[in-house]
Amino acid sequence: MKNPAEIIAQCRIDSFDLSYTKAKAWKSAGKNRVLIGYMPIYFPREIAHAAGALPVAIFGGGDRKQIIKGDAFYQSYICHIPRSIIELALDNHFEGFDGFIFPSICDVIRNLSGIFRQQKIGSFIKYFDFPQNFSPSIGGTFYQQEMQHVIDYITAITGIEVTAERLNHSIALYNKNRQLIEGIYKVRQDYPWRLTMEELYHVIRAGTVMPVEDHNEILEEIYTYVQNTAGTPQDKVKVVISGAFCEQPAVGLIKAIEEAGCYVVDDDYQLGSRMITGDIDTTSDRPLEALANAFLKQSQYSSSIYDVHDPKEFRLAKIVKDRGADGVIFASASFCDPSLLDAPIFQNAFNKMGIRYIAFQFSENINQYKVIKEQVGAFSDSIKLWEPEPDTLAVK
Amino acid sequence: MAQEAQKEKSMVLQKEMVEGLFNELTKVKETGKKVCYTFVPGNLSELIRTFDMLPVYPEINALQSAMRKLSGGYIKEAEKHAHSEDVCTYVKCDVGMMLKGNIGPTGQKLPDPDILLLSYTGCFTFMKWFETLKREYPDARVIMLHTPYQENGKMTPEMIQYMVKQLQEEVIPVMEEVSGVKYDETKLKSILKHSKEAGDWIARIFDTTKHKPSPIDAYFAGVYYIGPINIGFRGTPEAVEYYKELYNEIMDRVKKGLGPITPEGEMKEEKYRLVVEGPPNWTNFREFWKIFYDMGAVIVASSYTKVGGVYDMGWRHDPERPLEALAEYCMNCYTNLNLPQRIELLSKCITDYKADGYVTNSIKSCNSFSAGQLAMMREIEDKLEVPVGFIESDLVDPRYFSYSNIKNRLESYFQMLSQRKLIGSEKEPAV
Ligand code: SF4
Ligand code: SF4
């Protein structure tokens, strides 16, 4: 195995390989293999794995794809990610992909599924409707049916029979994946200097474009590394990032936040890889039900999940507390409805709870962030200079 | 001098209905009636009525505020409270109105909700909207009815079943509990009979635009016509009477060969027949409409009049399958259709009503409509070879209505249409 620096360097390459070389190589290495692209935020990759497909996350082109055709599809007041996804599609980056999954997160992704249909991109298009009803017998049943549709699309090509055993095996692999990621976060919450957010970001993102088995090996190495390295702490505050769950900020911005004085100890970048908290049952003879229950009962808070039964502001406040963070940075993609509509809910609650925050907007293709860096720097300084009385940070 | 708008009997009937509802809303303390805030697309007005509750529609309040030039102030108020400049302005207008005392369109305070009925359809913002309201009204019960999207262009038995189960096990029990009224399926069925009938009349009314000249404007006047079904009267004998009356009035115009009524009286010459996609601007509604009628343009069909239900493809509430009918109704609202379905529906309108052009009014803060509109427009242009026009405005934020921009764009568009018509008529064989 390579050393951690080499692994991370490779992850940097893989995670932004907009030709999806590794995924396509996996497909051509066997017969009847299926590649499916899924849009943010979350998709139960276990079902694709069990059916013989490689699920590949599509996060848009970031600041690495020039938009020429995509702007003709979207007005200026719509976020950036759909136009870069269309650009990638029309420039044949997805050649060899069999189908595409559009999770139900917002109207833009929903209508993008229609554009994919209209442009006849891929042999199947599935708008994946997550239940907003959280009763296992109602929302859970519907969710299982949604998963079964995806399985049917894939197995029509692979011919694989998705047995309980296969599904449980896939669930176990992804459980392992989530455990390792959480393990790294746990270490980082106390020793964030051991692995920068930028490094961690690439390590996790690389896992969305390669087989889970390979990614688990990478994570094992990185986990061992963060547990054993010492690193040099710097005088920085700890923050949680919230709101950047779909369109991703440019890597330069992710880096700039830490450089400006904030260690990021939790975040919702690539939330899908960490959406399910804790393990999913691997012993069930109805594994789809286990997956559905996990979504209903073990999901992280998300702007796309109806939250009145479990308000998101308290859940984020708990993360802040558990990770020992000093404040929150709300980073929303410009024109991102779910993120921006949640902002007042969080901010009004945090004003009452005494949790410090700042908010800014970004766009995936913008890599000038002097102003944001100054804002983050000032935030970090304000926390360092104005340590609050301990009880004002109490989380209800 | 502008001629006064003519008051038809149907207008009087509609006014009575609306005033009656707002009067009842002011008296809930005395009558003890429960109040249910809900949305237009996918509204369960029949069910609300079954439980003798009164509906409040925040979207309608927002558009009324815009027409009364109050929305700008409300939006600024919401923005002071951390609401972004770039999100749905209906939400901000509603939040601002609430922060300023929740004074409704009649100038009286609206009662707080007993129920927030989130039967949202075709737009995620509704969900965020009620998450926001729940924080403001912690005592209100929230009911979520999740409507699956017609992703595959179909309402499948699974989708219907999912909705019916939600209605049976979650929606109805909470409504019973809050209203103190037992669910009465016979009552719901009889309400739905009226809904079915109202649906028949609405379909007939909007189909009258096949006449030349069109007797109605299916967008600017159309938004008034859909008023009763969108504010809770679907399922009432009053609504049926209103639509019957309206239909008769319209047919009378057809017999006389008259065009649509505008705020300045009857439109004299129909030069262009258009299909419009997207909601209207409410802050400058009359100015906006005037640009069209001054140019002799009449809207023969619009997608916006289908947000509260699509009736022109044959679907109707089936009183014999009451809960299934409600489920199908929700799934069948315009913004819950996938893009190919939307294109098919609008193409049918263009063909059936012999439209000369297709115009998109893209709303800055409404992704539910706007995302995908450009792709729809191009496909319609290619498929039907119809000239397309594109303008941008906002629903209720006056900052985003630029009269001169819109007027210039539309004038160029009408010039193009007139040239196309000229060329078309030259090509037509001499009789
Ligand atoms: S960035 Fe926000 S609005 Fe845009 S597609 Fe993603 S979730 Fe939707
Ligand atoms: S985004 Fe559009 S459809 Fe959704 S609530 Fe706002 S105006 Fe209505």
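Only one of these is away from ligand 2 (no atom under 16 Å from the Cβ) and either among the β-branched types (Val, Ile, Thr) or in contact (Cβ under 8 Å) with a residue 40 or more places away in the chain (or both): B:PRO41, B:PRO55. Name it.
B:PRO55 is the lone residue from the list that is away from ligand 2 (no atom under 16 Å from the Cβ) and either among the β-branched types (Val, Ile, Thr) or in contact (Cβ under 8 Å) with a residue 40 or more places away in the chain (or both).
Determine if region A:115-122 includes at least one residue that is away from ligand 2 (no atom under 16 Å from the Cβ), touching a helix residue (DSSP H, G or I) at 6+ places or on another chain (Cβ under 9 Å) and small (Gly, Ala, Ser).
Yes: region A:115-122 contains one or more residues that are away from ligand 2 (no atom under 16 Å from the Cβ), touching a helix residue (DSSP H, G or I) at 6+ places or on another chain (Cβ under 9 Å) and small (Gly, Ala, Ser).
With (1) at pLDDT 95 or above; (2) more than 9 Å from every other protein chain (Cβ to nearest Cβ) as the list, and B:TYR162 as the residue in question, which single condition is left unmet?
The number of the failed condition is (2).
Tell me, yes or no, whether region A:317-333 has at least one residue that is modelled with pLDDT of 95 or more, under 27 Å from B:TYR120 (Cα atoms) and away from ligand 1 (no atom under 16 Å from the Cβ).
No, region A:317-333 has no match at all.
Working only within region B:350-385, note down all residues that are among the hydrophobic types (A, V, I, L, M, F, W, C) and farther than 23 Å from B:LYS271 by Cα.
Of everything in region B:350-385, those that are among the hydrophobic types (A, V, I, L, M, F, W, C) and farther than 23 Å from B:LYS271 by Cα turn out to be B:ILE363, B:CYS366, B:PHE369, B:ALA371, B:LEU374, B:ALA375, B:MET376.
Pick from A:SER135, A:SER113: which is more than 23 Å from A:ARG274 (Cβ to Cβ), of a type in the set (S, T, N, Q) and either surrounded by fewer than 23 Cβ atoms within 10 Å (Cβ to Cβ) or modelled with pLDDT under 95 (or both)?
A:SER135
Taking only region B:370-389 into account, find how many residues are facing chain A (nearest Cβ under 9 Å) and either at positive phi or surrounded by fewer than 22 Cβ atoms within 10 Å (Cβ to Cβ) (or both).
The qualifying residues number 5.
Filter region A:59-89 for residues that are in a loop (DSSP other than H, G, I, E, B) and away from chain B (no Cβ under 12 Å) and give the result. Let's see the steps before the verdict.
Looking only at region A:59-89, we keep the residues that are in a loop (DSSP other than H, G, I, E, B), and these are A:59-69, A:73-80.
Scanning region A:59-89 gives A:PHE59, A:GLY60, A:GLY61, A:GLY62, A:ASP63, A:ARG64, A:LYS65, A:GLN66, A:ILE67, A:ILE68, A:HIS80.
(1) surrounded by fewer than 24 Cβ atoms within 10 Å (Cβ to Cβ); (2) away from chain B (no Cβ under 13 Å); (3) of a type in the set (Ser, Thr, Tyr); (4) under 30 Å from A:TYR306 (Cβ atoms): which one isn't true of A:SER123, the others all being true?
(4)
Only one residue in B:ASN338, B:ASN367, B:ASN332 is within 16 Å of ligand 2 (Cβ to nearest atom), away from chain A (no Cβ under 13 Å) and not aliphatic (A, V, I, L, M), so which one is that?
B:ASN332
Here's the yes/no breakdown for (1) over 25 Å from B:VAL386 (Cβ atoms); (2) away from ligand 1 (no atom under 16 Å from the Cβ):
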| position | (1), (2) |
| --- | --- |
| B:ILE299 | no, yes |
| B:GLU328 | yes, yes |
| B:LEU339 | no, no |
| B:ILE343 | no, yes |
| B:CYS349 | no, yes |
| B:LYS354 | no, yes |
| B:SER368 | no, no |
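With within 16 Å of ligand 2 (Cβ to nearest atom) and surrounded by 18 or more Cβ atoms within 10 Å (Cβ to Cβ) as the only criterion, which of A:SER104, A:SER84 stands out?
After ruling out the rest, the residue left standing is A:SER104.
State all residues of region A:296-330 that are within 13 Å of another protein chain (Cβ to nearest Cβ) and part of a strand (DSSP E or B); if no residue qualifies, say none.
Across region A:296-330, the qualifying residue is only A:PHE330.
I need the full set of residues from region A:222-252 which are closer than 24 Å to A:PRO338 by Cα and in contact with a strand residue (DSSP E or B) (Cβ under 6 Å, 6 or more places away or on another chain), in order please.
The answer is A:VAL239, A:VAL240, A:ILE241, A:SER242, A:GLY243, A:ALA244, A:GLU247, A:PRO249.
Across region B:88-131, what is the number of residues that are of a type in the set (S, T, N, Q) and either within 16 Å of ligand 1 (Cβ to nearest atom) or buried (at least 21 other Cβ atoms within 10 Å of the Cβ) (or both)?
So the answer is 4.
With the structure loaded, tell me whether B:MET155 is of a type in the set (A, V, I, L, M, F, W, C) and in a helix (DSSP H, G or I) or whether it fails that test. It would help to see each step written out before you state the result.
Details: of a type in the set (A, V, I, L, M, F, W, C): yes; in a helix (DSSP H, G or I): no.
No.
Taking region A:216-253 on its own, how many of its residues are among the aliphatic types (A, V, I, L, M), in contact with a helix residue (DSSP H, G or I) (Cβ under 7 Å, 6 or more places away or on another chain) and within 16 Å of ligand 1 (Cβ to nearest atom)?
Let us first name the residues in region A:216-253 that are among the aliphatic types (A, V, I, L, M), namely A:218-219, A:222, A:226, A:230, A:237, A:239-241, A:244, A:250-251, A:253.
Subset that is in contact with a helix residue (DSSP H, G or I) (Cβ under 7 Å, 6 or more places away or on another chain): A:218-219, A:222, A:226, A:237, A:240, A:251, A:253.
With within 16 Å of ligand 1 (Cβ to nearest atom) added as a condition, the list becomes A:253.
Residues that pass the stated criteria total 1.
I'm told B:TYR90 meets every condition in (1) under 22 Å from the mean Cα position of the chain (by Cα); (2) at pLDDT below 95 except one. Can you identify the failing condition by its number?
Unmet condition: (2).
For region A:102-120, which positions are touching a Pro at 6+ places or on another chain (Cβ under 8 Å) and more than 8 Å from chain B (Cβ to nearest Cβ)?
The answer is A:PRO103, A:ILE109.
The values are calculated or read from the model by the stated rules, or taken from the named source; none is laboratory data. Not measured: the values here are computed from a predicted model. Neighbour counts are summed over all protein chains in view; Cβ atoms, including those assigned to glycine, are modelled from backbone coordinates with ideal geometry.
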